[in-house]
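Down below is the structure, laid out as structure tokens.
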Amino acid sequence: QVQLEESGGGLVQPGGSLRLSCAASGSIESMNTMDWYRQAPGKQRELVATISSGGNTNYADAVKGRFSISRDNAKNTVYLQMNSLKPEDTAVYYCTARTGSRRYWGQGSQVTVSS
């Protein structure tokens with residue numbers, strides 16, 4: 001069982017930046033992927049970014065060029081750097097860890113982009 005805890009969310013103006021952190025209770029080196037999802041009010045949850053155990057990354061088209069996912073295995077932490085934020089980025093952001101067919105979820109962190 002892996003527990004995940006997100007931090008770093010908050011209120012930011014359009015064009016601003018935030019960095020989300022996801023701290024895992026155990027080693028993330030064995031996880032096939034670490035991912036960030038988000039869910040906006042009234043919308044389905046969507047995959048935002050993925051990083052594999054080998055460091056390969058993938059992004060949703062809506063965030064390419066603005067968001068960056070990274071991992072620090074020594075700290076068992078994954079990050080999501082979010083730049084040039086837009087109001088449509090407003091959502092609860094969830095960190096997940098996948099190993100085989102199991103996926104673990106954090107509780108989520110609210111990000112609100114508004115002037």
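Results, tabulated for the structure shown:
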item: Per-residue ³J(HN,Hα) for segment 28-34, Karplus 6.51 cos²θ - 1.76 cosθ + 1.60, θ = phi - 60°, Hz, x for Gly and Pro; result: 9, 4, 7, 6, 5, 9, 10
item: Within-15-Å neighbourhood charge of residue 98 [Cβ basis; K, R +1; D, E -1]; result: +2
item: Residue-wise HN-Hα coupling along segment 71-82, computed from phi with Karplus coefficients 6.51, -1.76, 1.60 (Hz; x: Gly, Pro); result: 9, 10, 5, 5, 9, 6, 9, 10, 10, 10, 8, 10
item: Rg/Rh ratio calculated on Cα atoms of segment 12-102 (Kirkwood radius); result: 0.96
item: Amide N of segment 64-102 lying under 11 Å from the label point, which is placed 7 angstrom from the Cα of residue 13 along Cα→Cβ; result: none
item: Under DSSP loop assignment and at most 11 Cβ neighbours within 10 Å, longest trypsin sites (Lys or Arg not before Pro)-free interval of the chain; result: 65-115
item: Qualifying lysines (Cα of each under 21 Å from Cα of residue 43; at least 8 residues distant if same chain); result: 64, 86
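Here, each number is a calculation from the coordinates, and none is a lab measurement. All of these numbers come straight from a predicted model, not from anything done at the bench. Don't worry about glycine lacking a Cβ; one is built from the backbone with ideal geometry, like all the others, and counts go over all protein chains shown.
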